[in-house]
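For reference, the structure is listed below as structure tokens.
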Amino acid sequence: MGSSAKKKKEKKKDFQKPKLKVGKAKPKAANATDTSFRAKAIALKQQSISTSAPTVEAQCAHHLGLLNHKSDTQRRDSLAYLTTTISAHPPGLPLPQPTSVIIPAVQRLILDGSNAVRQQLLKLLQSLPKDEIAGHADQLLLHTRAGMTHLATDIRIFALGLLEWLLGVAGIEVVSCAGGWAKTLKCFLSLLSWQTDSSSKWSASKSFGKGAGDSKVHVKQMNALAAFLRVGLLPPSQTTVTNMNGVSTFPLWQTAHHILTERSNVYAHLNLFGAARDEEAEMYEDREDRQRIFRDRAEAAVAAGLEQATKGGGEMGRAAAQLRKLVKAGMADFHGEEQ
């Protein structure tokens, strides 16, 4: 009886609530954690910023990959980062990413639907070394021609401006690359509604000004065509080999025709090992060849189209008059040789 009463009393004690006196602290739980300690510093392993931060090369490669992002804001920001990095790069040192990697990655953005992306793309291209643009002129021209024939007017206008910049940076490479002369010339005549007829000759459309688009766009197109023909038809500035007194010396005559060229793959125009190309896809590095193609395929159409544009007067008439003057100057010696 004694042990049974003792067990019952202990069991009842487990359910009794202790009575606390006023001012007495509550007893701590058995599993309480002591946090009364103090530490002056906490050291974490492998958290050094200098060893974990990505390099500039890695960041540029990352932003090149982000150019495929569906957000136009992200594409614009990535182009802006590349532009800032290249502009701040010390001259004479290799770029964080070579031009041969940057241009193939960004050239398709010529057709981007966002105007902010296209404008930032132009800034990026302008920040690249000019001497390295020439090697990629054919690919840039290919995308530029696609932009010139785009359905969106703002993309067509941007492509015209990009072509003028490209002609200023690498004009000879643009007009002499494969398809650079004949195909671009045909593209211009199509834009200006100077269409081809059944005999594969290019003639001016009789409906010039009707359904051909906005007149301001035509003015920009004629200005870009003038810049294109200026590079392709006008003779380059010729330099004369002189001695220290500034007088031409014998026998150093026509030295430019005998010195080694600075261009790579100088015999590419012969197409010795490539697939056969048609006349439009040929490389016309010689000015006389470009004059011949212009005479056979486009001169009559350009003359007829400019005559109708001049009659319209205004800004279009002035642009047509300037273009006619340029064509006359560029073809003067060619027609003189024929006569």
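Taken together, the values in this text are just the output of simple stated rules run on the coordinates, not laboratory data. From a predicted model like this one, the values you see are computed outputs, not experimental measurements. Quick reminder, even Gly has a Cβ in these numbers, built from the backbone with ideal geometry, and neighbours come from all protein chains shown.
Before moving on, here are some points about what is shown:
- Each listed q (0.16, 0.26, 0.28 Å⁻¹) maps to a log10 I(q)/I(0) for the range 56-128, found by the Debye formula over equal Cα scatterers with no solvent: -0.48, -1.29, -1.50.
- Neighbourhood charge, 11 Å Cβ-Cβ cut-off, centred on GLU164 and excluding it, Lys, Arg +1 and Asp, Glu -1: +2
- Local electrostatic count, ARG230, Cβ distance below 14 Å [Lys/Arg +1, Asp/Glu -1]: +4
- Over the range 56-199, relative contact order from alpha-carbon pairs under 8 Å, at least 6 apart, %: 19
- Total formal charge among the other residues, if their Cβ is under 12 angstrom from that of ARG108, Lys/Arg +1 and Asp/Glu -1: +1
- Footprinting exposure proxy ranking of SER4, SER78, SER114, fewest other C-beta atoms within 10 angstrom first, gives SER4, SER114, SER78.
- Ranking of MET222, MET331 by count of other Cβ atoms within 10 Å, fewest first: MET331, MET222
- Spatial offset of the range 161-189 relative to the range 67-134 amounts to 21 Å, using the alpha carbon center of each.
- Taking the range 56-128 and dividing mean pair separation by its residue count, relative contact order in percent (alpha carbons under 8 Å, at least six apart): 37
- In terms of other Cβ atoms within 10 Å, LEU64, LEU79, LEU111 run from fewest to most in the order LEU111, LEU64, LEU79.
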